[in-house]
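Report on the following structure.
FYI, it's all coordinate maths here, none of it is from the lab. The shown structure was predicted, so the numbers you read here are calculated from the model rather than taken from an experiment. When we count neighbours, we look across all protein chains shown, and the Cβ atoms used for this are built from the backbone with ideal geometry, even at glycine.
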Amino acid sequence: MDTQSSYEGAFASPPTDSAQAFRAAMRAMARPGTIEAIAGARAPEPFSEAAASLLLTLCDPDTSLYLAGEHDNEAARAWVGFHIGAPLLPADRADFAVGTWGALQPVSAYKVGVAEYPDRAATLIVEMPSLERNGAQLSGPGIKDTANLNLPEIGAFQANRRLFPLGFDCFFTSGQSIAALPRSTRVSDLSAEEAA
Amino acid sequence: MTAQAAAAMDDYNFAYLDEQTKRMIRRAILKGLAVPGYQVPFASREMPMPYGWGTGGVQVSAAVMTPDDTIKVIDQGADDTTNAVSIRKFFERTADIDVTERTSEATIIQTRHRIPEELLNEDQILVYQVPIPEPMRFIEPRETETRKMHALEEYGLMHVRLYENIAKHGAITTAYAYPVKVEDRYVMDPSPIPKFDNPKLESEAIQIFGAGREQRIYAVPPYTKVVSLDFDDYPFDPSKANHPCALCGSVTSYLDEVIVDDKGGRMFVCSDTDYCASRIRRQEQAA
Amino acid sequence: MYVAVKGGERAIDNAHTWLAEERRGDISVEELSIAQIREQLALAVARVMAEGSLFDPDLAALAIKQARGDMIEAVFLIRAFRTTLPRFGASEPIDTGAMTCDRRISATFKDVPGGQVLGPTFDYTHRLIDFTLAATGELPPEAQAGEPRTEPTPHVTEFLDREGLIQTEEDDTKTPRDLTREPLDFPADRPLRLQAIARGDEGFILSMAYSTQRGYGRNHPFVGELRVGQVAIEMDIPELGFAIDIGEVTITECETVNQFMGSKSEPPQFTRGYGLVFGHCERKAISMALVDRALRWEELGEDNVGAPAQDVEFVLSHADNVQATGFLEHIKLPHYVDFQSELELIRKLRAEAETAKAEEDASPFQEAAE
């Protein structure tokens, strides 16, 4: 993948591949904590196939994008320029941001929308080493009772929930897997609760 | 449609809309799911059917559709009403996907004015056609004002209006498009479904509402709290005509009143045609 | 036994076939060609292009033919087609000063540099039915064309501008928002308002403009200038590094000069209203300028007298005839589920009222209690 040209990596059949990818992303966003399969696009290192597929599905010249940390490299910029055409902007002005949780910090920088237009908020694409249905406990819209997901931390998502209906929304990507955490989800630390 | 016109449709993209338009709609759907009940503005496109005839629903369906889907389209609960037929044909032609009249077989159900009787499951998406997405539009015609009211969670006017009903008529006189509060935050118009359908808004399925002319998309994720507005002394009443269906005998389904002669003769039959036909099939098998 | 009506699909197919037959009319009468519509119903074509937001006379002519002359239906066909077109880029702003004018008049000056050019206008025709048109084959006499101007025709408002008598319109260099790609939201700035009015229904914009003339938000307009003609469309080609001509469109432009009393801080000055429409559409261009001016009350520090034409949200939300006609006509669709819901409710309320009345009548103590 290191030698991937910026012209490669698109969906083989954009209309249907992006439709499949979107359905996975939508199911993930509608049911926080579930892990869906998403694939078909390849971007330069260190992008996961899931993140690349999500970017091709949601981003275009009408959306601004922030590449964080290692995800901001020459090959990535060229790939984004050719396949997506999204203007690259700093974190506080971006509609979408992609990177590891560490690289995306501080998350307080991102757009959270305004009272009249809470939709004008950023979507973070958080690259993860893996996605597992354990760890933080989730509840709220889209979740029958509770769900679990290995979130990178708890506090930031609790703070984000307190802004509701404002706040950013997150996708988590790893390999060919995707999960999501909208701002509406309540997050609690399962281990802390068990200990209590 | 002539053969020539049918051939011309092949020049359009999968599910008609171009990819950039689909991305724009998809982004709006995701934000809608993230903020349940909030109306997300979207740059609705002119569709090849008129505004007010389901363009919002069609755009949402086209944006969520994959080639593996099976779509069902209903209007007034029926699969064979003209506009439902027309929309179903549109997707058959532009997306080449399977269509069905069976609620249980559909992965996407586009509807106007009804929620199917049969409970939906986690693998289904219900897409509503919405004429006026703003629940307070008839109290306050200005979008700038209603948007402020939503922002400030100021829904007093809505309650006042409902209470005026009670004072005047002794009951809440809203019979359809009955307003609901979603997840204790946004007051939402469930589209002009009869209030009988309101309890089914709490569902396992993903529900997406599309208003094309008014350029709004909103959503209710599965397992989301949806409460019909009411008062302690006047609780919400989802009642319907107190008759059994003349065809299948159902006493729990929503009924259409059919005038059968000019002497006052009438009968009541299920509005959900698939529900009614399925029941009749089962009764025949059992007999 | 009652059986629910089936066969919607066949009914639709049959209706379409019948419609096609009706469109063609009596087949012993020769069929209209697109060229005939384009050339001989040119103002209808212009209106469809203006409200359809697409400059393509042949396509507009075809839409008129397909729509059987229903103008809003033709506009709708063009819009639905337009929205599927890919975008290759945006042209440079057109320069109406460089227009080749077929017609150019000013009501504010007797004569102006560049001249008053009457052009092809109905204005001074006597509206008498011309029965000779009912006969065919006779060619009209050839019009005497003057010397075509090769130099640019300056705008009348520039003369006022030079004296500082009219408010200067500054180019803020911002890329205007695009109404066809973004949802309309409020407050709507002037570029957005002008876009909405330009593609708005001619009848609606005319009535709004007329209402301001009659006093609902009066702002004393003069037609500073009205011009109709052809302008070049230039597009910047990044590979070339400069702009090239990619074609020519016919447009109508109107600038009105309006009174303005001035304020404590600003000396009295004239202000402007602006109208620009595809094709030869004078009524629409002038109406647009009046409505534009009326909607500017806030930026010009005028009073909002509550006139409909001053209400941005009202005007912009109701100007689009494709939206309006769709929503209006959708009430032809079945609504029997909602109606049933109301029917049940009203029966229930009536039954309750009758029960209450019966109880009241039955009570011997009622009168005494009251």
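A few notes on this one:
- The ellipsoid equivalent to the alpha-carbon distribution of chain B has semi-axes of 30, 28, 17 angstrom, derived from the gyration tensor eigenvalues as √(5λ) and listed largest first.
- All aspartates and glutamates inside 13 Å of C:LYS348 as judged from Cα atoms, apart from same-chain residues fewer than 8 positions distant: B:ASP237
- Shown here is the pair-distance distribution of region A:1-86: with all Cα-Cα distances grouped in 10 Å bins from zero up to the longest one, the shares run 18, 50, 29, 3 percent.
- Sparsely packed loop sites in region C:219-249 (the GluC sites (Glu not before Pro) outside DSSP H, G, I, E and B with at most 10 other Cβ atoms within 10 Å) comprise C:GLU239.
- Per residue of the protein assembly as shown, the DSSP helices (runs of n ≥ 4 H) give a summed -39500 (n - 2.57) that works out to -10000 deg cm²/dmol at 222 nm.
- Nearest 10 degrees, 0 to 90: helix C:202-213 Cα axis against chain C principal axis: 80
- Computed from point charges on the beta carbon alone (+1 for Lys and Arg, -1 for Asp and Glu), the dipole magnitude for region A:42-170 about its Cα centre is near 320 Debye.
- Cβ-Cβ FRET estimate between C:ASP185 and C:ARG23, R0 fixed at 30 Å, reported to 0.05: 0.15
- Compactness ratio for region B:45-176: Cα radius of gyration over 2.2 N^0.38 Å (N = residue count) comes to 1.28.
- Solvent-free Debye scattering, log10 I(q)/I(0), computed from the Cα coordinates of region B:184-230 at q = 0.33 Å⁻¹: -1.43
- Quarter of the Cα convex hull surface for region A:4-195, i.e. its orientation-mean projected area (nm²): 10.3
- Principal-axis tilt of helix C:42-52 within chain C, Cα atoms, nearest 10 degrees: 60
- Across the options B:TYR51, A:ALA19, C:ILE27, the greatest Cα extent toward the positive end of the charge dipole of the protein assembly as shown (unit charges at beta carbon of Lys, Arg, Asp, Glu) belongs to B:TYR51.
- With the convex hull constructed from alpha-carbon coordinates only, region C:260-304 shows a mean projected area of 3.6 nm² over all directions.
- By the Stokes-Einstein formula, at 0.890 mPa s and 25 °C, the protein assembly as shown with its Kirkwood radius over alpha-carbon pairs has D equal to 81 µm²/s.
- GNM remark for chain C: springs join alpha carbons under 10 Å apart, and the peak mean-square fluctuation among C:ALA198, C:ALA285, C:ALA67 falls on C:ALA67.
- Peptides C:23-36, B:42-55, A:128-141, ordered by how many other C-beta atoms sit within 10 Å of their residues on average, highest first, read B:42-55, A:128-141, C:23-36.
- Among the residues of B:172-178, the average count of other protein chain beta-carbon atoms within 10 Å of the residue beta-carbon is 4.
- Note on region C:270-370: the alpha carbon radius of gyration divided by the globular reference 2.2 N^0.38 Å gives 2.14.
- Kirkwood Rh, Cα atoms: Rg over Rh of chain C: 1.11
- Interatomic Cα distance distribution for region B:130-287, bins of 10 angstrom, percent: 9, 30, 32, 20, 8, 1, 0
- Computed from phi, the 3J(HN,Hα) profile of region A:93-102 under the Karplus parametrisation 6.51, -1.76, 1.60 (θ = phi - 60°) reads 10, 7, 7, 10, 9, 9, x, 6, 4, x Hz, with x in place of Gly and Pro.
- Volume per residue of the convex hull around the Cα atoms, evaluated for region C:160-280, comes out as 173 Å³.
- Shielding by other protein chains, B:67-79, mean Cβ within 10 Å: 3
- Which of B:MET24, A:GLY142, B:THR70, positive extreme of dipole for the protein assembly as shown (C-beta unit charges): A:GLY142
- Across B:LYS168/C:LYS357; B:LYS31/B:LYS89; B:LYS22/B:LYS200; B:LYS31/B:LYS195; B:LYS72/B:LYS200; A:LYS144/B:LYS225, pairs whose alpha-carbon gap is larger than 21 Å: B:LYS31/B:LYS89; B:LYS22/B:LYS200; B:LYS31/B:LYS195
- With respect to chain C, whose longest principal axis is taken over its alpha-carbon atoms, helix C:71-82 is tilted by about 80°.
- Dividing the Cα radius of gyration of region C:9-82 by 2.2 N^0.38 Å, with N the residue count, gives 1.16.
- The mean number of Cβ atoms from other chains found within 10 Å of a Cβ in peptide B:271-278 is 1, as a whole number.
- Distant-in-sequence amide contacts of C:GLY229, defined by a placed amide H-H separation under 5 Å and a gap of 5 or more residues or a different chain, comprise C:ASP102, C:ILE251.
- Quarter of the Cα convex hull surface for region A:32-125, i.e. its orientation-mean projected area (nm²): 6.4
- For region C:108-154, radius of gyration divided by Kirkwood radius, i.e. Rg to Rh on alpha-carbons: 1.10
- Shown is the FRET efficiency for C:PHE88 and B:ASP96, computed with R0 = 41 Å from the Cβ-Cβ distance and rounded to the nearest 0.05: 0.90.
- Of the chymotrypsin sites (Phe, Trp or Tyr not before Pro) in region C:226-331, not one is in a loop by DSSP (not H, G, I, E or B) with at most 14 other beta carbons within 10 Å.
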